[in-house]
Amino acid sequence: MNILFFASDYKIGLSTLLTDQLLALHRNGINVYPVAGEKNQEKGLEEQIIAQKIQLKRIHGLDDHKNFFRLVNDIKEIIQTEDIRLVHVQNNWQLAIIAVVKLKLYFLKKIKIIYTLHGFRHNSFIKSIMAQFIIGTALFLFADKVICMCQYLKKKFRFLSYKIIILPLGVADMFFQDKRPNTPKNGLQIIFPAQFRNGKNQDLIIKAFAKHIHENKDSESYMILPGNGPLWEDMKKLASALYLQDRISFPGLCSKRQTKELYLQSNIGIVSSNSETFGQSIVEPFVLGRCILTTAVGVAPDIIATGKNGFFFRNQDELTILFDKLYKDQSIIDKTGENNFLKGKMFQWDNIIQDYKKQILNN
């Protein structure tokens, strides 16, 4: 079966994550025809695709949400030329385009639509409810299968349960190693890569970290907060106000390879978000064998067992208590991280694609 795979997203262009997925599809014997807008999230993505002799079709304006009917005709031509029977879309704009194409080809070709639910406006309650209704209605009308990355998402769209399959996102191959990478032994070495915006709550982590350091006279521990966003300067000022300018680094937006190197300097991956549709910042340190401290968001409740491979927290005070606990008994960091490393292959793309074949291609 030939699959048309949308490999880019709004304002991002060709996505690092989706490039990993389409390469895994190809590697596992699936005829995949990727389409993307003109931009790239990172350098070198197109070269990776070309190196595998995959023909990437660039479509002008695909990720700009303009010229809808021109895009419909462009996609329709590809579907007819390449005898596409299944289309995998990543957002509502792409779904709308394919829905119109499907209607135009209704009497000529049967097209199956797969939709991966990557996100919706979940930091605002009102916007979240509206988004669930709009997205849910579109999926009810046009999608044949809906991929949810964790149970959290499935519960949000339970009225579509008959269409939903659970498939996690994978982690880039560079994160997987035969032996667990060495773990720092000098106190708490913490990392949280994320956008600096409302709902990510870096301020909560910074304040909890400050309280822990001052109360325990901890001179070893360190925190890395990669990412950019509207609150980046505010968080730097907060760290300075709490006398942590030498204990927290803000390296800015990092590539996936750079982020991996920062994980290797850490022994604790932390996530303080109000909500996540999946949580790459949970699974990436998980795969590398780091202890996980997280709010109960995204995939975390599916994979974290308190005390065995990580811990949950709900607020600043609970996080401070966890910092104190792990600092006083750092063997817990190592033991929980080891348990994560042993389970990490569940997020290897090749393993996920085998489930993709069973649940999508063979049904």
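Values quoted throughout were computed directly from the atomic coordinates according to the rules given, and no laboratory measurement underlies them. Note that the structure is a prediction, hence the values are computed from the model and not measured. Cβ atoms come from the backbone with ideal geometry, glycine included; neighbour counts cover every protein chain shown.
Shown here for the stretch 133-236: trypsin sites (Lys or Arg not before Pro) in loop regions (DSSP other than H, G, I, E, B) with at most 12 other Cβ atoms within 10 Å, namely Lys179, Lys185, Lys217.
Students often forget the sequence filter, so: which aspartates and glutamates lie under 16 Å Cα-Cα from Lys156 once same-chain residues fewer than 8 apart are removed? The qualifying aspartates and glutamates are Glu276, Asp302. A straight Cα-to-Cα reach below 12 Å connects Lys345 with the aspartates and glutamates Asp173, Asp178, Glu284, residues fewer than 8 places away in its own chain not being considered.
Within 10 Å of each candidate Cβ there may be at most 15 other Cβ atoms; applying that plus a DSSP loop requirement, which GluC sites (Glu not before Pro) in the stretch 159-250 survive? Walk me through the intermediate numbers first.
Numbers: sites: Glu215, Glu220, Glu233; in loops: Glu220.
Sparse-neighbourhood loop GluC sites (Glu not before Pro): Glu220.
Average projection, convex hull of the Cα set of the chain: 18.0 square nanometres. Could you give me the percent of Cα pairs per 10 Å distance bin for the stretch 175-346, shortest bin first, beginning at zero and ending with the bin that holds the maximum distance? Percent of Cα pairs in each bin: 11, 43, 39, 8, 0.
Can you give the percent of C-alpha pairs in the stretch 139-222 whose distance is more than 14 Å? Spell out each step's value before the answer.
On the way: 2694 of 3486 pairs.
Result for the distance tail: 77 percent.
Any of Lys163/Lys358; Lys185/Lys335; Lys256/Lys335; Lys53/Lys179; Lys163/Lys308 with alpha carbons more than 23 Å apart? Name them for me. All intermediate terms of the calculation are to be shown ahead of the outcome.
Values: Lys163/Lys358 15 Å; Lys185/Lys335 12 Å; Lys256/Lys335 26 Å; Lys53/Lys179 31 Å; Lys163/Lys308 33 Å.
Pairs exceeding 23 Å: Lys256/Lys335; Lys53/Lys179; Lys163/Lys308.
An oblate overall shape is assigned to the stretch 1-139, the ratio a/c of its alpha-carbon gyration tensor axes (a ≥ b ≥ c) being 1.5 or greater and a/b not exceeding b/c. From helices alone, the chain scores -12500 deg cm²/dmol at 222 nm; the rule is -39500 (n - 2.57) for each run of n ≥ 4 DSSP H residues, then divide by the residue total. Based on C-alpha pairs under 8 angstrom that are at least 6 apart in sequence, the stretch 115-217 has a relative contact order of 20 percent.
Which of the pairs Lys39/Lys154; Lys155/Lys207; Lys110/Lys357 have their Cα atoms more than 28 Å apart in this structure? Mind dumping the intermediate values first?
Details: Lys39/Lys154 31 Å; Lys155/Lys207 32 Å; Lys110/Lys357 19 Å.
The pairs that break the limit, which is 28 Å between Cα atoms, are Lys39/Lys154; Lys155/Lys207.
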